[in-house]
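> Sharing a structure below in structure tokens format, with a few things to ask.
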Amino acid sequence: MDLINHLYLGFAVAFEPLNLFYCFLGVLIGTLVGVLPGLGPVAAMSLLLPATFHTTPVASIIMLAGIYYGAMYGGSTTSILVNIPGEAASVMTCLDGYQMARQGKAGRALGISAFGSFIAGSVGIIGLILIAPPLVDFALKFGPPEYFSLMVLGLTILTFLTSASMIRALMMAAFGLIVGTMGLDNISGLARFTFNIPELLDGVGLVPVVMGLFGISEVLLNIEMKVKREVFTTKVKGLLPTLQDWAQSTGAIIRGTVLGFFLGILPGGGAVIASFVSYAIEKKVSKHPEEFGKGAIQGVAAPEAANNSAAQGAFIPLLTLGIPSNVVMAMLLGALIIHGVTPGPLLLSQHPQLFWGVVVSMYVGNIMLLFLNLPLIGFWVQLLKVPYSILFPLIILFCLLGSYSINNSTTDVAIMLIFGVIGYLMKKISLEAAPMVLAFVLGPMMETALRQSLIKSKGSFSIFFTRPISATCLILAIALMVIPLLPWFRRPGIALESEDVK
Amino acid sequence: MPVKKTFLINDLIWIAFAFVVCLGGLKLGFGSFHSPQAGFMPFLAGLLLGTLAIVDLGQGFLRKWERDKSDKVIWADIHWGKLLTTLGVLILYTVLFSTLGFLIGTFFLLLFLYQVMERRSWTTVVIASAVTTVLFYLAFKIGLDSQLPRGFLGF
């Protein structure tokens, strides 16, 4: 009964005209940044974060969430038609989606991708509704040791799954932790690594760091090399999948949805990992694995379903524990804090209209996305024809003004440029930015939890191993670090890199 | 297989950086395990980074960086001129942003950016830069109420 009341509240909030408008705006911008290569959901969310200061917390989170799952839809269009992923979670869709387009099946690829995304997104929302509330009761048992251990586990999972070299991914996480310590110490109030720059007393801002690492660095990479784009625009027809398409894709969509949702919940998981793993699994279970990479429709359906359900699942740790499971969720955490809302176990009881309003708006947003992505596909295709030489000055300008307008400070712009160069160099030598950003966001929380735990235990690290939840998290984290040392073990990132990703 | 200098230098930079961070952490005050101070976390994070970088370096020498891209692949075919000029212009824009003001600074920045990847006629570029500047001004100043600098000319 409670659930029905909550859903009723959610619908009432989501259907308020202002929230509907922001939901539409979010999914529209999400589709746009998903379609356009070079500007992903993280950069778009950081760009628009300052714009949300003028509206209500509910409307702003609805919009920012819409950008995230909207980008999951939009990203597939570029992958299928141009063979360039609009955002990272659509990398796997390129492999078979583009081949389908080359064979004149672009419409069917786009269609199954949109329907698969819709089904997965909708199931993901139901999962969120069913799992989040009971998890809140569990989350109330968390103290500083549990929070610290869970964050360690989250970072370990991310480094384990995302990079070819776990050591280098862990190095990036350590770098993120260091950057996160800049500014005033939470406990003693002492200034750390501020170099007498007053703007750094509050620490380095998330928006300049993210815009630099994901926005400016991408532009710099595109300036140095010319990417050839061949758009299959004339063959986009027959967007409704045939019965045969459905028969071939149903299993893939179901598997992708379930896998994506649970990988999304995992701290350190997320849409990118979900799409990679679901593609690999689909190839494994297929009777014709040799067709993968040559236009197999399952190779489009599975990763698209996985990245969309993962996008919904990722909200669970943020909304129930207050821990962002990936970089996008870290942006949402920042947005919630800016609006005076503390995410965590008490969010559901203190701000039910926010929780249920955002959850229901996701369903509304998914329906909007279906209409945005199928009947309006022609519009997005036209947009793909905009040359990068026109697009990139706009991306740079958005990044510059976005960083500046947060504090009206050119220091933030300078920080963004510095991280732009760092991000560029990191990309050149294949160092992952995601563990760095997640550690940067989690760093201050981890530090507080670690120091509080140690003060409580009078300096004994046994506190992390004598409490069951904390011990479980740490044992899992240690296991993940040890597994790659085993001689027979092939890490997923390496396997995918060598076999599938060209 | 030859030593891949890029990865060797990369690890050495991280080791040096980690060393500086550890020193900074100690200077801030490590405290003790039962009473950690402000330098506690930076020191531990620096120690972790340095240790991992040393392990990565060791692995590199042992495995001859077999999984890494070669120096040639990483640094070949880069338009250094375009890249460094763009970076230089962005730095200049940041430094002069408050002095020149949003309108003038952004107009000149766009003049450069619209030309850097593809040569176009100056008339097109001037018009495109002016229109883009005004649109961004309207979006940020009027739409989002951002405090954009006026510059020495007062607009």
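> Select, from B:P42, B:P36, the only residue that is within 10 Å of chain A (Cβ to nearest Cβ) and within 27 Å of the chain's Cα centre (by Cα).
B:P42
> Answer yes or no: is there a residue in region B:85-93 that is buried (at least 18 other Cβ atoms within 10 Å of the Cβ), within 9 Å of chain A (Cβ to nearest Cβ), assigned to a helix (DSSP H, G or I) and touching a Lys or Arg at 6+ places or on another chain (Cβ under 8 Å).
No, region B:85-93 contains no residue that is buried (at least 18 other Cβ atoms within 10 Å of the Cβ), within 9 Å of chain A (Cβ to nearest Cβ), assigned to a helix (DSSP H, G or I) and touching a Lys or Arg at 6+ places or on another chain (Cβ under 8 Å).
> Ok, one more. In region A:106-156, which residue that is more than 18 Å from A:T31 (Cβ to Cβ) and of a type in the set (S, T, Y) is nearest to the chain's Cα centre (by Cα)?
Selected residue: A:T156.
> Determine which single condition B:G25 fails, assuming it passes every other condition in (1) within 7 Å of another protein chain (Cβ to nearest Cβ); (2) farther than 23 Å from A:K427 by Cβ; (3) touching a Lys or Arg at 6+ places or on another chain (Cβ under 9 Å).
(1)
> A further question on this structure: Go through region A:4-118 and tell me which helices (runs of 4 or more DSSP H), entirely inside it, have 1 or more residues that are acidic (D, E) and surrounded by fewer than 24 Cβ atoms within 10 Å (Cβ to Cβ).
No helices (runs of 4 or more DSSP H) qualify here.
Residues are listed down the side, and each one gets a yes or a no for (1) crowded, with 20+ Cβ neighbours inside 10 Å; (2) in a loop (DSSP other than H, G, I, E, B); (3) polar (S, T, N, Q):
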site: A:D137; (1), (2), (3): no, no, no
site: A:K141; (1), (2), (3): no, yes, no
site: A:R168; (1), (2), (3): yes, no, no
site: A:V207; (1), (2), (3): yes, no, no
site: A:M211; (1), (2), (3): yes, no, no
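> Of the residues that make up region A:255-268, is at least one in contact with an Asp or Glu (Cβ under 9 Å, 6 or more places away or on another chain), at pLDDT 85 or above and surrounded by fewer than 24 Cβ atoms within 10 Å (Cβ to Cβ)?
yes
> Ok, one more. Would you mind finding the one in B:S129, B:S146 that is part of a helix (DSSP H, G or I) and closer than 26 Å to A:V421 by Cβ?
B:S129
> Continuing with this model, one more query. Can you tell me how many residues within region A:29-48 are over 15 Å from the mean Cα position of the chain (by Cα) and within 25 Å of A:K427 (Cα to Cα)?
7
> From (1) surrounded by 23 or more Cβ atoms within 10 Å (Cβ to Cβ); (2) modelled with pLDDT of 85 or more, pick out the condition that doesn't hold for A:M331.
Condition (2) is where A:M331 drops out.
> Determine if region A:432-441 includes at least one residue that is facing chain B (nearest Cβ under 10 Å), in a helix (DSSP H, G or I) and either of a type in the set (A, V, I, L, M) or farther than 30 Å from B:L138 by Cβ (or both).
Yes, there is a match, as at least one residue in region A:432-441 is facing chain B (nearest Cβ under 10 Å), in a helix (DSSP H, G or I) and either of a type in the set (A, V, I, L, M) or farther than 30 Å from B:L138 by Cβ (or both).
> Could you list all residues from region B:70-79 that are touching a helix residue (DSSP H, G or I) at 6+ places or on another chain (Cβ under 8 Å), more than 7 Å from chain A (Cβ to nearest Cβ) and either free of Cβ contacts under 8 Å to residues at least 12 places away in the same chain or not aromatic (F, W, Y) (or both)?
Answer for region B:70-79, where residues must be touching a helix residue (DSSP H, G or I) at 6+ places or on another chain (Cβ under 8 Å), more than 7 Å from chain A (Cβ to nearest Cβ) and either free of Cβ contacts under 8 Å to residues at least 12 places away in the same chain or not aromatic (F, W, Y) (or both): just B:D71.
> Whether any residue in region B:88-98 is closer than 30 Å to B:T133 by Cα and among the polar types (S, T, N, Q) is what I want to check.
Checking region B:88-98: at least one residue is closer than 30 Å to B:T133 by Cα and among the polar types (S, T, N, Q).
> Which residues, counting only those in region A:377-389, are away from chain B (no Cβ under 14 Å) and under 25 Å from the mean Cα position of the chain (by Cα)?
Answer for region A:377-389, where residues must be away from chain B (no Cβ under 14 Å) and under 25 Å from the mean Cα position of the chain (by Cα): A:I377, A:W380, A:V381, A:L383, A:L384.
The values are calculated or read from the model by the stated rules, or taken from the named source; none is laboratory data. For clarity, every value in this text was computed on a predicted model and none was experimentally measured. Glycine also receives a Cβ, built like all others from the backbone with ideal geometry; neighbour counts cover every protein chain displayed.
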